[in-house]
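Have a look at the structure below, then the notes.
Each value in this text was obtained by applying a stated rule to the coordinates, not by laboratory testing. Source: prediction; values computed, not measured. Every residue, glycine among them, receives a Cβ derived from its backbone with ideal geometry; neighbour counts consider all protein chains shown.
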């Protein structure tokens, strides 16, 4: 897993009211990495789902607990690392839902891990020191979309 400097992270109390701060942080960092507006929104949504699951299922909205989201990127990859001290849970081993059955049953919840796997390109989990869940999500930075966006911007009349 990538080591990310502390100044590229946000740590919040494990309560749903703090999801807005996480979404804002993730969206800002994704835009800095030159993702399109749509890609920024997708990344933001995926990370929001992961954090909401940690807060709701692992911490039960306990504001005494903390959740950290750290972000870094290089020219090719956007790294998001989410750490918490809740019960060990490896989302990479979770069974993905059957979407047809999910829709047939009119379920409105339970798609967070599925969404994470569809938006992000790589997902890695590690349980450190028998106490820290560390989830790393990686999104590839497509250079062709950045170059296309630059060409469109140049072509637009002022």
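Of the peptides 67-77, 11-21, how do they stack up when ordered by the mean number of other Cβ atoms within 10 Å, highest first? Mind showing how you got there, number by number?
Values: 67-77: 17.8, 11-21: 15.1.
Ranking the peptides 67-77, 11-21 by packing returns 67-77, 11-21.
If you take the beta carbon distance between residue 117 and residue 60 as r and set R0 to 30 Å, what does 1/(1 + (r/R0)^6) give as a FRET efficiency, to the nearest 0.05? Spell out each step's value before the answer.
Details: r = 25 Å, r/R0 = 0.82.
Using R0 = 30 Å, I get an efficiency of 0.75.
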In nm, give the distance between the simple-model label positions of residue 20 and residue 37, each being 7 Å from the Cα along the Cα-to-Cβ direction. 2.2
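Just check region 15-72 against the gyration tensor rule for me: Cα atoms, a ≥ b ≥ c as the square roots of the eigenvalues, rounded for a/c under 1.5, and otherwise prolate or oblate depending on whether a/b exceeds b/c.
Details: a/c = 2.86, a/b = 2.24, b/c = 1.27.
Here region 15-72 falls in the prolate category.
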Obtain the nm distance between the two label points defined at residue 87 and residue 143 by a simple spin-label model: each point lies 7 Å from its Cα along the Cα-to-C-beta direction. 4.6
Going by average Cβ neighbours within 10 Å, how do the peptides 49-55, 39-45 rank, with the highest at the top? 49-55, 39-45
